[in-house]
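The values are calculated or read from the model by the stated rules, or taken from the named source; none is laboratory data. Note that the structure is a prediction, hence the values are computed from the model and not measured. Glycine also receives a Cβ, built like all others from the backbone with ideal geometry; neighbour counts cover every protein chain displayed. Surface areas here come from the heavy atoms of the whole protein model, side chains and all, with no ligands, DNA or RNA. Shrake-Rupley method; radii C 1.70, N 1.55, O 1.52, S 1.80 Å.
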Protein chains: 2
Amino acid sequence: MGSVTHTDNGSSPAAEQAARGRAADTSRGEQTRQAIVASAIRLFGEAGYEKTTMRAIAADAGVSVGNAYYYFPAKEALVSEFYLELQREHLARVEPILAGGTSFGDRLAAILREGIEVWAPHHAFAGRFIGIAAVPGSPVSPFSEESSDARELATSIFHRLVDSTETKMDPQLRARLPQLLWLAQLGLVVYWVHDTTPGQRRTRAVVDLAVPYLEYLVGASRMKIFKPLTTRGLTLLEAVWPRTAA
Amino acid sequence: MGSVTHTDNGSSPAAEQAARGRAADTSRGEQTRQAIVASAIRLFGEAGYEKTTMRAIAADAGVSVGNAYYYFPAKEALVSEFYLELQREHLARVEPILAGGTSFGDRLAAILREGIEVWAPHHAFAGRFIGIAAVPGSPVSPFSEESSDARELATSIFHRLVDSTETKMDPQLRARLPQLLWLAQLGLVVYWVHDTTPGQRRTRAVVDLAVPYLEYLVGASRMKIFKPLTTRGLTLLEAVWPRTAA
DNA sequence: TCTCCGATTTGAACGTGTTCAACTTTCGGA
DNA sequence: TCCGAAAGTTGAACACGTTCAAATCGGAGA
């Protein structure tokens, strides 16, 4: 997974240090930790969030309940391990897409579709996941400090996408586009989670329609007539999400 | 509260029947039910969601725990009562705004600000609330069947706002604008919940900036140059949220 | 080899949301 | 007035997430 190479934008050194330290750590503690994570991920995937009890996870990992709490402060914390697993897979799938030389829109659509594909087997679970992620204090929240690594990892995908595109667009929009696309992806996930059509085909249809529209909007941003629209939109974005903020 | 008079757009007759039936019902059961609701609302407001136990609610209402479950399937169900209470207050505050003769933008901003005002004392609680509402199956979910009444009540506000505005705009957009504004309000709530600035002043700043921008966009929709932007956007909206759906 | 001390592990215990079989109250009709 | 069914009510019991004092382990130093 070359994906890890994208973590190297100096962010939250503590968490990164911890992750790096863990990767090399083969001590007893780390083995236990990973056994718990593996069991949790498997059982979450098989039976969903609520049906998977901490006792079941501990038993499956061959440890006691209390031991699981030595490594994870709460059941919710195990959810972010599940999330990280899927994000790693998404990143791996996205790599060849970014390397490919197709258009901005095609690649954006491919990235979004791969995201849906990765999550597809866990549609039911994702419903609970989003409920946990939506509460502000939660470490799994996409806006939380704890997930800033995951967030920058995700935005880095769109950053690379935008940087490698030659589509003409407003330069200020270009600077902000990665964040906007990340936001759009977030919205798409929320939509997908609530999409009850078989196979979530409606979400896929929305992607097919939305991406060309976005491409059109981005292209239009460089035209004089759309200047006020673009500028005012970016001003609003600056108020909503200041560039200085994490 | 003249607000109730806006419920009369034939929606989900079952739920409405139940609500109407309850309003007139003074039987013992209904009294118990309301005692539980009152206790739950008060305790939620005082101590938040998790700190308020079902045992505390039941004790406060002077009933047994099991009795509370005779009227409400789960603790979460009591949350929607809390939500309804606040929505009723919002509706009452919005009434004079809609009656007033100010501009579209001014009234929209006032509506949104009143919404924030109503929720302001419960910012911490709202964090949990949104976590519950975000999970797809939940009856509190803004997209759920159970909350279709509340949803139509909310959109009816924006419907009246749009109907009574003389701002020139694309007719198709006008037809869809109420739903779009409802969606925008939803996004604003999510933003507000995550806003940790003191008094959520950033959210208020966003409203101040976003509303004029929306007003500008709406006005622009009738111009020829923006036709493709408008039309394609509405096509996308039709895919995302078909008019035929509830 | 022995002795510590921190890291790890345990399982019983607590408080919670929720369920349920049994009990009590209400009230329309004989 | 009485009966029976429906509505309402109870509290003990269950399963769960979480906590914690105590037990165990493992390796660095004497």
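For A:Val79, are the conditions met, namely being part of a helix (DSSP H, G or I), open to solvent by less than 30 Å² (accessible area, probe 1.4 Å) and either charged (D, E, K, R) or within 14 Å of chain B (Cβ to nearest Cβ) (or both)?
On the way: part of a helix (DSSP H, G or I): yes; open to solvent by less than 30 Å² (accessible area, probe 1.4 Å): yes; either charged (D, E, K, R) or within 14 Å of chain B (Cβ to nearest Cβ) (or both): yes.
When the stated conditions are applied, A:Val79 passes them.
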*Among all residue pairs at least 6 apart or on different chains, which show Cβ distances below 8 Å where the first residue, located in the range A:39-58, is within 14 Å of chain B (Cβ to nearest Cβ) and in contact (Cβ under 8 Å) with a residue 24 or more places away in the chain and the second is away from DNA strand D (no atom under 11 Å from the Cβ) and of a type outside the set (D, E, K, R)?*
A:Gly48/A:Ala124; A:Gly48/A:Phe125; A:Tyr49/A:Phe125; A:Tyr49/A:Phe129
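Go through the range A:85-104 and give me each residue that's part of a helix (DSSP H, G or I) and open to solvent by 60 Å² or more (accessible area, probe 1.4 Å). Before you say what the answer is, go through the steps one by one.
Step one: filter the range A:85-104 for residues part of a helix (DSSP H, G or I), giving A:85-99, A:104.
Across the range A:85-104, the qualifying residues are A:Glu85, A:Arg88, A:Glu89, A:Arg93, A:Pro96, A:Ala99.
Suppose we filter the range B:163-201 for residues that are of a type in the set (D, E, K, R), open to solvent by less than 50 Å² (accessible area, probe 1.4 Å) and within 14 Å of chain A (Cβ to nearest Cβ); how many remain?
Within the range B:163-201, the subset of a type in the set (D, E, K, R) is B:163, B:166, B:168, B:170, B:174, B:176, B:195, B:201.
Subset that is open to solvent by less than 50 Å² (accessible area, probe 1.4 Å): B:170, B:176, B:195.
Then drop every residue that is not within 14 Å of chain A (Cβ to nearest Cβ), which leaves B:195.
So the count comes out to 1.
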*Qualifying residues in the range B:70-85 (those that are out of contact with any Phe, Trp or Tyr (no Cβ under 7 Å at 6 or more places or on another chain) and among the aliphatic types (A, V, I, L, M)) - the one nearest to DNA strand C (Cβ to nearest atom)*: B:Ala74
*Enumeration of residues in the range A:109-141 that are within 11 Å of chain B (Cβ to nearest Cβ) and of a type in the set (Val, Ile, Thr)*: A:Ile130, A:Ile132, A:Val135, A:Val140
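Residues are listed down the side, and each one gets a yes or a no for (1) of a type in the set (A, V, I, L, M, F, W, C); (2) within 16 Å of DNA strand C (Cβ to nearest atom):
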{"position": "A:Ile41", "(1), (2)": "yes, no"}
{"position": "A:Ala61", "(1), (2)": "yes, yes"}
{"position": "A:Ala68", "(1), (2)": "yes, yes"}
{"position": "A:Ile97", "(1), (2)": "yes, no"}
{"position": "A:Gly100", "(1), (2)": "no, no"}
{"position": "A:Val118", "(1), (2)": "yes, no"}
{"position": "A:Ala134", "(1), (2)": "yes, no"}
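Just to be sure, is A:Ser156 within 11 Å of another protein chain (Cβ to nearest Cβ) and either within 11 Å of the chain's Cα centre (by Cα) or more than 22 Å from B:Pro136 (Cβ to Cβ) (or both)?
Numbers: within 11 Å of another protein chain (Cβ to nearest Cβ): no; either within 11 Å of the chain's Cα centre (by Cα) or more than 22 Å from B:Pro136 (Cβ to Cβ) (or both): yes.
The answer is no for A:Ser156.
Taking the range B:42-72, which residues are at negative phi, more than 13 Å from DNA strand D (Cβ to nearest atom) and assigned to a loop (DSSP other than H, G, I, E, B)?
Just the residues of the range B:42-72 that are at negative phi, to begin with: B:42-47, B:49-61, B:63-72.
Then keep just the ones that are more than 13 Å from DNA strand D (Cβ to nearest atom); that gives B:42-47, B:49, B:51-52, B:56.
B:Tyr49, B:Lys51, B:Thr52, listed by residue number.
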*Please identify the pairs in which a residue from the range A:140-155 that is assigned by TED's automatic domain parsing to the domain that holds A:Leu112 has its Cβ atom under 9 Å from the Cβ atom of a residue that is of a type in the set (D, E, K, R) and part of a helix (DSSP H, G or I), counting only partners at least 6 apart or on another chain.*
A:Val140/A:Glu76; A:Pro142/A:Arg151; A:Phe143/A:Arg151; A:Ser144/A:Arg151; A:Asp149/A:Glu16
_Suppose we filter the range A:202-230 for residues that are open to solvent by 70 Å² or more (accessible area, probe 1.4 Å) and either more than 11 Å from chain B (Cβ to nearest Cβ) or touching a residue at least 40 places away in the same chain (Cβ under 8 Å) (or both); how many remain?_
4
